[in-house]
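*Asks:* My questions will all concern the structure given below.
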Amino acid sequence: MTTSNDESSLTEITPALREPTGRRLWWMIAGLGLVASVVLFFELGDFRSFGTHEAYAVVPAREMISSGNWVVPRSAGLPRLRKPPLSYWVVATSSTLFGEMNEWTVRVPAAVSALLLAVVIGVWAGRWYGRTAGLGAALVQLTSAWVIIYARKAEVDMLLCLLTTSAMFLIAEGRSDESRGRAFLRWTGIFALVSVSWMAKFHYGPAMVMIPCVLYFVLQKRFRSLFHLANPLGLLMAAAAVLIWPYLVLQQMPEAWDIWKRETVGRAVGGLNRQPLLFYVPYLLWLPLPWTGFVLFAIPASLRKAWKQQDARERFLWVWAAAHLAIVTVSADKHKHYLNAMLPMCSLLAGQTFVRFRAWLAQSQPKLPSRFSVVGTAACLSAVIGVALVSEQKLPQMSVAIIVLTGLIAVGTIAALWLATVRKPASAGYSAIATFLGAYVCVMAWIMPARDHRQQTTEFAHTIRQEFSADHDIVAFGMEEKDPLVFYLDEPVSRLQTAAAVEQRLNRQGRLLLVTYEPLVAELGDLKGLREVTRLKVDSARAAPKHPPLVVLEVRRPATASRSD
């Protein structure tokens, strides 16, 4: 991607900037490692129970391990074919390597993917814009809201983002003077990443890589580069990814084809979840928080370089972003995580702002007026007092954690303000980062667990397994495949959706233990011998479950049915 002005960097407009080197550089990298360890791994398995989307992955993965069938994913006995198997394979592999399946072992692949993604973005920004931009972009990548959301979930989104971003990086690293051998290897790697991304979410990954790539080559009139798309080894890998697993599944379940058609064509042209055209606009603003301002500040200069100065690098970024946004906007089915594949581009833009901001600090050596620090200190102290009074009244069970959190933020903010007053902007920045980490630890250790509305249900599920049916099948009646309760009931567990299915199972086994929600009990009214064994008793001092009352039922086959058998 080299042109006459490709080799330019931000240093030409920031002459006062001294790039970090030697020991100072390594201390900064170590600091990023500390940030990553806290943001990605602190209380990873304990900060909350599994959510609904995590249940989509963990239940089929557990059944893969127990059954040995890694071809057809099943959720509590029912086929789960709406998505390719990569998510289940990753979770099952991680759990097998660590020797057990729990919240930590199934979430760690996403956290590691986020760490590797930050490395890719840091290296990318460092090669294009210098070390300061690389360090800044890596920090942004680690601490953006969307990363914190998806890097701590047992979902495939963060791994998929790593795959697509790595592929885009390899495309962007192409040079006009590149040898044929190196180009072949690079494109083989690109196809490998794209092929694996197909196994995560079908066409989403390949589309988010190949469409921007083709558009960029055409826009730059690099038509010869399009021949790289005919890489024979790459096409072979892509064909293997697209064909082998579906073929194996169709041998066992011919009806799988209709499900896949609905999940691919249906999501693209409609029929699943239509949303307004501007659905993604607010998400583009809040998902990069707290760095949205840094991203917005970099946009005008980046656009000027891309279109007026014809800078190939900046043009590549904007073709990437525009193509991605156009694809997800015209698609009928919309979700905020569909933006993930373009959000690393925001980190690259924010890295450019880091360079300009640091150069401005070095040139102007600004001093924050004392009156701002005084007002800020007063506001912080008032906030602590106000939050303490309100939390004692409204949230007494979390008041201590909330007061500690507010106090940490107040102390860090006051320290940063007064450090800026005495012309120590670097120390003020480090104070802000330390404040963020302290607040983050407080939230993950105390506030998130206290707000976990599934915790009481999780404990009840463990009790059911231990006290009533340690080795026998439990039937989760009427529960959706996204219900985390199915996982916490442990194996053996099966999902039955109709009273007729329950009756058929009862005729085979003679006795069933059913777990269901109270409104669904009426559907079982025709079953004889049905009795309530126990129900979830909600502790009002803790976060209350959001689902209807949970009951445990026992049903036995009538004696007449037993004799007739």
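*Asks:* Projected onto the charge dipole of the chain (+1 at Lys/Arg Cβ, -1 at Asp/Glu Cβ, origin at the Cα centre), which of Ala133, Gly68, Phe50 gives the Cα projection farthest towards the positive end?
*Replies:* Ala133
*Asks:* Here's a follow-up. Placing +1 on the Cβ of each Lys and Arg and -1 on the Cβ of each Asp and Glu in the chain, which of Thr421, Ala500, Cys346 has its Cα farthest towards the positive end of the resulting dipole?
*Replies:* Going by the Cα projections, it comes out as Thr421.
*Asks:* Is the shape of the stretch 455-564 rounded, prolate or oblate, going by the alpha carbon gyration tensor and its root eigenvalues a ≥ b ≥ c, with a/c under 1.5 for rounded and a/b larger than b/c for prolate?
*Replies:* Prolate is the answer for the stretch 455-564, as a/c is 1.5 or above and a/b outweighs b/c.
*Asks:* By how many nm would the segment from Phe98 to Trp70 grow when fully extended, if each residue of separation counts as 0.36 nm and the alpha-carbon distance is taken off?
*Replies:* 8.3 nm
*Asks:* Let me ask you something else. Can you put Thr353, Thr165 in order of Cβ neighbours within 10 angstrom, beginning with the fewest?
*Replies:* Thr353, Thr165
*Asks:* A further question on this structure: Relative to the longest principal axis of the C-alpha atoms of the chain, give the angle of the C-alpha long axis of helix 180-201, reported between 0 and 90° and rounded to the nearest 10°.
*Replies:* That works out to roughly 40 degrees.
*Asks:* How would you classify the stretch 367-450 from its alpha-carbon gyration tensor, with a ≥ b ≥ c the square roots of the eigenvalues: rounded for a/c under 1.5, else prolate if a/b is greater than b/c, otherwise oblate?
*Replies:* oblate
*Asks:* Straight-line reach from Lys482: which lysines fall under 22 Å, measuring Cα to Cα and dropping same-chain residues less than 8 apart?
*Replies:* Filter leaves Lys83, Lys153, Lys201, Lys261, Lys334, Lys336, Lys546.
*Asks:* Assigning unit charges at the beta carbon (Lys, Arg +1; Asp, Glu -1) and nothing else, what dipole magnitude in debye, to the nearest 20, does the chain show about its Cα centre?
*Replies:* 1640 debye
*Asks:* Something else about it: Each label point is 7 Å from the Cα along the Cα-to-Cβ direction; what then is the distance between the points at Arg182 and Met253, in nm?
*Replies:* Here the modelled spin labels are 4.7 nm apart.
*Asks:* While we're here: Can you tell me which of 113-120, 298-305 comes out highest on packing, and rank the rest after it, using the mean Cβ neighbours within 10 Å?
*Replies:* 113-120, 298-305
*Asks:* Magnitude of the Cβ-charge dipole of the stretch 455-564, K/R +1 and D/E -1, about the Cα centre, nearest 20 debye?
*Replies:* The calculation lands at about 360 debye.
*Asks:* Right, next: Between Leu219 and Leu25, what's the calculated FRET efficiency when r is the beta-carbon distance and R0 is 35 Å? Round to 0.05.
*Replies:* Approximately 0.45, to the nearest 0.05.
*Asks:* Using a 7 Å offset from the Cα along the Cα-to-Cβ direction at both His472 and Arg82, what is the distance between the two label points in nm, to one decimal?
*Replies:* Each label point lies 7 Å from its Cα, and together they span 3.2 nm.
*Asks:* Pairing the Cα long axis of helix 399-421 with the longest principal axis of the chain, what angle in degrees results, from 0 to 90 and rounded to the nearest 10?
*Replies:* Roughly 10 degrees, rounded to the nearest 10.
*Asks:* Between the stretch 108-183 and the stretch 373-411, how far is it from one alpha carbon centroid to the other, in angstrom?
*Replies:* 37 Å
*Asks:* Let me ask something else. Could you order peptides 211-222, 236-247, 195-206 by the average number of other Cβ atoms within 10 Å of their residues, highest first?
*Replies:* 195-206, 211-222, 236-247
*Asks:* For the chain, find the longest principal axis of its Cα atoms and tell me its angle to the long axis of helix 204-219, 0 to 90°, nearest 10.
*Replies:* Roughly 30 degrees between the two axes.
*Asks:* Let me ask something additional. Would you mind calculating the gained length between Thr329 and Ile244 on full extension (0.36 nm times residue separation, minus the Cα-Cα distance), in nm to one decimal?
*Replies:* Taking 0.36 nm per residue and subtracting the Cα distance, the gain is 27.5 nm.
*Asks:* With a 10 Å radius around each residue's Cβ, average the other Cβ atoms per peptide and rank 171-177, 24-30, highest first.
*Replies:* The packing order, highest mean first, is 171-177, 24-30.
*Asks:* How many percent of DSSP beta bridges within the chain run antiparallel, rounded to 5?
*Replies:* Approximately 70 percent, going by the DSSP bridge assignments.
*Asks:* Also, quick follow-up: Computed from these coordinates, which is Cα extents along the principal axes in Å: (i) 92, 66, 43; (ii) 89, 52, 39; (iii) 99, 77, 58?
*Replies:* Correct label is (i).
*Asks:* Let me ask something additional. What is the gain in length, in nm to one decimal, between Ala379 and Val533 on full extension, counting 0.36 nm per residue of separation less the C-alpha to C-alpha distance?
*Replies:* 49.9 nm
Values in this text are rule-based calculations from the coordinates and carry no lab data. The shown structure was predicted, so the numbers you read here are calculated from the model rather than taken from an experiment. Don't worry about glycine lacking a Cβ; one is built from the backbone with ideal geometry, like all the others, and counts go over all protein chains shown.
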